[in-house]
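Trainee: Handing you a structure now.
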Amino acid sequence: MRTASPQPPTASAPSAAPPGARSRVLPFWANPRLGLVIVIAALVALFSSLSPAFLDPKLTLAPLQADVSVYVVVGLAQLAVLSLGHMNMAVGRMAALSTFAMGLAYDRLGVPLLVGLAIGLAVGAAIGALAGLVIAKTGVNSFVVTLALDFGLLGLVTILYTQATDGVAFAVKPAGLAELRFDTFADYCAGELCGPRVPLVVPFALVAALGVGLLFRFARLGREILMTGANPVAAELSGIPTHRRIVAAHATSGLLAALAGFMLAANNGAFSASIGESFLLPSFLAPVLGGTLLAGGAVSVLGTVLGATLTQVIYKGLNLLQFSLEELKLYIGLVLLAALSLDRLRAVLAERRAVSSS
Amino acid sequence: MSIVLSAEKLVKTFPGVRALDQATLTLTAGSVHALLGENGAGKSTLIKLLTGVYRPDGGRVLLAGPDGPQEVHFGSPQDAQRAGVGVVHQERNLIPAFSVAENICLQHLPRRKGLVDRARVRSEARRCLELLDVDIDPDTPVSRLSVAQMQLVEIAKALSADSKVLLLDEPTASLTGDEADRLYAIVRRLRDQGHAVVLVSHKLEEIFAVADTVTVLRDGRSVAEAEPLARHSRDQIVDLMVGRAYQEVRLPQRTVDPSAEPALVLDGVSTSAGHHDVGLTVRPGEILGLYGLVGAGRSELAKALLGLEQITAGEVRVHGKTARIRDVGDALRRHRIGYVTENRKEEGLFLDQTIARNIAVTVWRRLSRLGLVRDRAERALVADYTERLGIRLASPDQLAGQLSGGNQQKVSLAKWLAADCDILIIDEPTVGIDVRTKAAFHELIAGLAEQGMAILLISSDLPEMITLADRIAVMRDFAVAGELVNDHEYDRMSQAVIRLIHGSQEAA
């Protein structure tokens, strides 16, 4: 679902290119998504041979899917602004503030699960839009603006939790949260027919991925955001309201951060102040591993899904093999570095092949 | 008089363009040498070759040395400076936060024990400033100087390496009359000290007042080489610059109905960019040319029309109705005005995006249903316009950056045609485009006018202007200096236009 990507002319393109037009055809393995699929498959094979527990549905696979779901959405939250060539350094804290709003709504207003979610999403979108507005109006670098915002929100979230709760988390457990946490579709049967062993939070990530994919592939809004990212001056001179597109992209980022916060709260079983603390680095890792450029103008939703999957598989696998937390971090760093280097090598080789054959 | 520098048969080619074709320049000590030519004649290229910015593809540069003339190869501007060739480019090259002294010595900061020797920087700078006999405190930060003072600091900087040759590219472009006079007094002083000064300027009065000899470039060749200026009249110089070698492309004659309601009228428009009292009228089916030197305010006028600069006085009327245009989208959707930008790579195109998106970007709104762009409608539209404009591509999914310059320009035109504009502002449509594509482009633009489009054509290419325009408005210093009805007689029109541009000082 890579959109606005350097699509080389495929085999279906007219084979007799006019002499004036230059084109380069890259080999099929140049697609970075394919590399990720292969690496993920290899790691799954490796981990399951070292520890058969890796394939245990209840112990490993279900929690893995739940974790992947959260980090897919976290990655998409970052991807929403990477499309502009911007960054959202406050992605974690936007999630924290939104989940606070959800917790407050459940605790004080007693709203149903989905209504609380909607309130949280609105808060996330609003805070994202605010960041976008400041960036668009002042022209200050998004990194700086969102970093400052992150700092401010850190204080705000701590104060809010101290005021409204015991300082750590809401005690309230809205109806449906426990099911979201523990159940898989296998627990729901129609007669003999039961669903697959897939946790209930997975559809949230699927909907988010499809929505973002649709946005950037087919929607005018998403395409205009990408054009703004590709060349802001040309975008403005082509009649795109670039300021509004910047606000929209950041609002989307905030909304997705809020969704990720909700999913993590569901996985943890509590709306707590620590939600979002672990979001920042993975938010960049997933899209970048998937081939999204930091420069803007091109995004890959499928790549982000695969990138998030890869990091979580590594994490789960090493965890299962009883690595300590510190070792875990070290090895994840090394594995990712290796993955990125290999990926770069693959890209260079593909490029060379294309050049020498043309 | 001894020859300090001679450039022999210099050749420089850029993709698709031969910028210099055996150009020759000879400089003697103790003289001011004027280098003249139209836009695109190769003056800047020649200066860049002499100062190590570019390397020549052919020919050689000889520099006087202790043992007679020696061939030199400048690998970088620093090389040229060390060899004694100093230059002041048209655009400022000073660091505002640094002091005058630091800026002057920037290329070769005197050091002591690895650290900058501040005392020597100051004394060195003072020496350079004294050469010019100007009174500027070397410790002042450059940001606090006036434009004229900065210009002098630039000259001091160019002289800091004991330059024997000083190249000045449009040194008075941003100076007032008084400041220019003072600058030329300094130029004369440098000449009397034995420097060879090269002066590039479009202001012929100034050239005649200060220069001794002249070289005229036309289409990359020297058509007059180091001739004493006194032998020529102003008209002869203009003739030399314009030349008669121009090959006319006859386009089918168009008739503009003079009684038709104008599509676009600017009535006494002043803008925040500095335009004052600009009046222009374009009728449907008409091409109004807007000619002028770089910096005369033509592109800025286009941007003001599109709401990117503020209109502070006067009014703009589109099809007879007063229009207040907020931005490009507004211009496009409410007034059907399109703007084909000047720098297609920076402002016109999304080089890393597909051709299809580059063309359809202006019409996604029309092609969308429920906010989603209908893919099939987009494909059809893109196919239609690539075929109509003869854009040569392998696939609409190719990146715009992979196209040749001419095809890129067609893409940036296509998006406005696709958007159904009936007023089109086209800014420098054929810069960097080879001759044949250029002719095709001219036919295309004329064809659009034929179909009833009102076109405001901004161009610095005089032959292009005279080929295409029905009327030519000449801009100077953010105002319209005059308007001519184009009779397509090249010699007469070009002289009339150039006279308006170089207009006498009294008129300014």
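The values are calculated or read from the model by the stated rules, or taken from the named source; none is laboratory data. Not measured: the values here are computed from a predicted model. Backbone-built Cβ (ideal geometry, glycine too); neighbour counts: all protein chains shown. Areas reflect the complete protein model, heavy atoms only, side chains present, ligands, DNA and RNA absent. Shrake-Rupley method; radii C 1.70, N 1.55, O 1.52, S 1.80 Å.
Trainee: Residues that are modelled with pLDDT of 95 or more and under 11 Å from A:Ala80 (Cα atoms): find the helices (runs of 4 or more DSSP H) completely inside the range A:208-276 holding 2 or more of those. I'd like the intermediate steps shown before the answer.
Mentor: Details: elements: A:220-230, A:232-237, A:242-268.
Correct list: A:220-230, A:242-268.
Trainee: Select from the range A:78-92 the residues that are surrounded by 24 or more Cβ atoms within 10 Å (Cβ to Cβ) and in contact with a Gly (Cβ under 6 Å, 6 or more places away or on another chain) and list them in ascending order.
Mentor: Selection gives A:Ser83, A:Leu84, A:Gly92.
Trainee: Same structure, new question: Considering only strands (runs of 3 or more DSSP E) fully contained in the range B:1-61, which possess at least 3 residues that are of a type in the set (Asp, Glu) and without any contact (Cβ under 8 Å) to a residue 24 or more places away in the chain? Outline the logic, then answer.
Mentor: On the way: elements: B:3-14, B:17-28, B:31-36.
Counting at least 3 such residues, we get no strands (runs of 3 or more DSSP E) at all.
Trainee: Also, quick follow-up: Let me confirm something: among B:Gly268, B:Gly297, which residue is surrounded by fewer than 19 Cβ atoms within 10 Å (Cβ to Cβ), under 20 Å from B:Ala473 (Cβ atoms), out of contact with any helix residue (DSSP H, G or I) (no Cβ under 6 Å at 6 or more places or on another chain) and away from every other protein chain (no Cβ under 14 Å)?
Mentor: Working: B:Gly297 fails: surrounded by fewer than 19 Cβ atoms within 10 Å (Cβ to Cβ).
Testing whether each residue is surrounded by fewer than 19 Cβ atoms within 10 Å (Cβ to Cβ), under 20 Å from B:Ala473 (Cβ atoms), out of contact with any helix residue (DSSP H, G or I) (no Cβ under 6 Å at 6 or more places or on another chain) and away from every other protein chain (no Cβ under 14 Å) leaves just B:Gly268.
Trainee: Can you tell me which residue among A:Leu79, A:Leu55 is in contact with a helix residue (DSSP H, G or I) (Cβ under 6 Å, 6 or more places away or on another chain) and modelled with pLDDT under 95?
Mentor: Values: A:Leu79 fails: modelled with pLDDT under 95.
Testing whether each residue is in contact with a helix residue (DSSP H, G or I) (Cβ under 6 Å, 6 or more places away or on another chain) and modelled with pLDDT under 95 leaves just A:Leu55.
Trainee: Out of contact with any Gly (no Cβ under 8 Å at 6 or more places or on another chain), on the phi > 0 side of the Ramachandran plot, more than 10 Å from chain A (Cβ to nearest Cβ) and open to solvent by less than 40 Å² (accessible area, probe 1.4 Å): does that describe B:Gly307? Write out each step before concluding.
Mentor: Values: out of contact with any Gly (no Cβ under 8 Å at 6 or more places or on another chain): yes; on the phi > 0 side of the Ramachandran plot: yes; more than 10 Å from chain A (Cβ to nearest Cβ): yes; open to solvent by less than 40 Å² (accessible area, probe 1.4 Å): yes.
The answer is yes for B:Gly307.
Trainee: Given the options B:Asp420, B:Asp487, name the one that is outside any helix (DSSP H, G or I), open to solvent by 10 Å² or more (accessible area, probe 1.4 Å) and free of Cβ contacts under 8 Å to residues at least 12 places away in the same chain.
Mentor: Values: B:Asp420 fails: free of Cβ contacts under 8 Å to residues at least 12 places away in the same chain.
Checking each option against the conditions leaves just B:Asp487.
Trainee: A follow-up question, please. Cβ-Cβ below 6 Å, separation at least six or inter-chain, first residue in the range B:339-352 and facing chain A (nearest Cβ under 9 Å) and at negative phi, second of a type in the set (D, E, K, R) and open to solvent by less than 50 Å² (accessible area, probe 1.4 Å): which pairs?
Mentor: B:Thr341/B:Glu347; B:Thr341/B:Asp427
Trainee: Sort out which residues of the range B:367-408 are closer than 26 Å to A:Leu221 by Cβ, open to solvent by less than 40 Å² (accessible area, probe 1.4 Å) and not in a loop (DSSP other than H, G, I, E, B), and write them in order of number.
Mentor: Within the range B:367-408, B:Leu367, B:Ser368, B:Val373, B:Ala377, B:Glu378, B:Leu381, B:Val382, B:Tyr385, B:Thr386, B:Leu399, B:Ala400, B:Gly401 meet the criteria.
Trainee: Go through B:Arg326, B:Arg334, B:Arg344, B:Arg317 for me and flag whichever is at pLDDT 90 or above and out of contact with any strand residue (DSSP E or B) (no Cβ under 9 Å at 6 or more places or on another chain). Spell out the reasoning first.
Mentor: Numbers: B:Arg334 fails: out of contact with any strand residue (DSSP E or B) (no Cβ under 9 Å at 6 or more places or on another chain); B:Arg344 fails: at pLDDT 90 or above; B:Arg317 fails: out of contact with any strand residue (DSSP E or B) (no Cβ under 9 Å at 6 or more places or on another chain).
Among B:Arg326, B:Arg334, B:Arg344, B:Arg317, only B:Arg326 is at pLDDT 90 or above and out of contact with any strand residue (DSSP E or B) (no Cβ under 9 Å at 6 or more places or on another chain).
Trainee: Only residues that are touching an Asp or Glu at 6+ places or on another chain (Cβ under 8 Å) and either surrounded by fewer than 24 Cβ atoms within 10 Å (Cβ to Cβ) or within 23 Å of A:Thr292 (Cβ to Cβ) (or both): list them for the range A:238-277, please.
Mentor: Within the range A:238-277, A:Ile240, A:Pro241, A:Thr242, A:Arg245, A:Asn267 qualify.
Trainee: Which residue pairs have Cβ atoms under 7 Å apart, sit 6 or more places apart or on different chains, and have a first residue in the range B:370-392 that is facing chain A (nearest Cβ under 10 Å) and a second that is in a loop (DSSP other than H, G, I, E, B) and at pLDDT below 90?
Mentor: Between residues of the range B:370-392 that are facing chain A (nearest Cβ under 10 Å) and residues that are in a loop (DSSP other than H, G, I, E, B) and at pLDDT below 90, the close pairs are B:Arg392/A:Pro18; B:Arg392/A:Gly20; B:Arg392/A:Ala21.
Trainee: Among the residues of the range B:402-411, what is the count of those that are facing chain A (nearest Cβ under 9 Å) and of a type in the set (Gly, Ala, Ser)? Explain how you work it out, then say what you get.
Mentor: Residues of the range B:402-411 facing chain A (nearest Cβ under 9 Å): B:402-404, B:406-407.
From what is left, the residues that are of a type in the set (Gly, Ala, Ser) are B:404, B:406.
Residues flagged as facing chain A (nearest Cβ under 9 Å) and of a type in the set (Gly, Ala, Ser) within the range B:402-411 amount to 2.
Trainee: Would you check which residues across the range B:364-399 are under 25 Å from A:Pro241 (Cβ atoms) and basic (Lys, Arg) and list them?
Mentor: Result: B:Arg365, B:Arg366, B:Arg369, B:Arg374.
Trainee: Here is a further query. What's the number of the condition A:Val207 fails, among (1) within 17 Å of A:Gly75 (Cβ to Cβ); (2) open to solvent by 10 Å² or more (accessible area, probe 1.4 Å); (3) within 14 Å of chain B (Cβ to nearest Cβ)?
Mentor: Just one mismatch for A:Val207, condition (3).
Trainee: If you don't mind, another one. If I filter the range B:316-338 down to residues being more than 9 Å from chain A (Cβ to nearest Cβ) and hydrophobic (A, V, I, L, M, F, W, C), which single residue comes out as surrounded by the most Cβ atoms within 10 Å (Cβ to Cβ)?
Mentor: B:Ile337
Trainee: If you go through the range A:93-105 one residue at a time, do you hit one that is more than 28 Å from A:Leu285 (Cβ to Cβ) and either open to solvent by 20 Å² or more (accessible area, probe 1.4 Å) or part of a helix (DSSP H, G or I) (or both)?
Mentor: At the first step, the residues of the range A:93-105 found to be more than 28 Å from A:Leu285 (Cβ to Cβ) are A:104-105.
Cutting the leftovers down to either open to solvent by 20 Å² or more (accessible area, probe 1.4 Å) or part of a helix (DSSP H, G or I) (or both) gives us A:104-105.
Looking through the range A:93-105, at least one residue is more than 28 Å from A:Leu285 (Cβ to Cβ) and either open to solvent by 20 Å² or more (accessible area, probe 1.4 Å) or part of a helix (DSSP H, G or I) (or both).
Trainee: Against the conditions (1) among the aliphatic types (A, V, I, L, M); (2) within 25 Å of the chain's Cα centre (by Cα); (3) surrounded by 22 or more Cβ atoms within 10 Å (Cβ to Cβ), where does B:Val61 fall short? Just the number, please.
Mentor: Tallying (1) among the aliphatic types (A, V, I, L, M); (2) within 25 Å of the chain's Cα centre (by Cα); (3) surrounded by 22 or more Cβ atoms within 10 Å (Cβ to Cβ), B:Val61 fails exactly one: (2).
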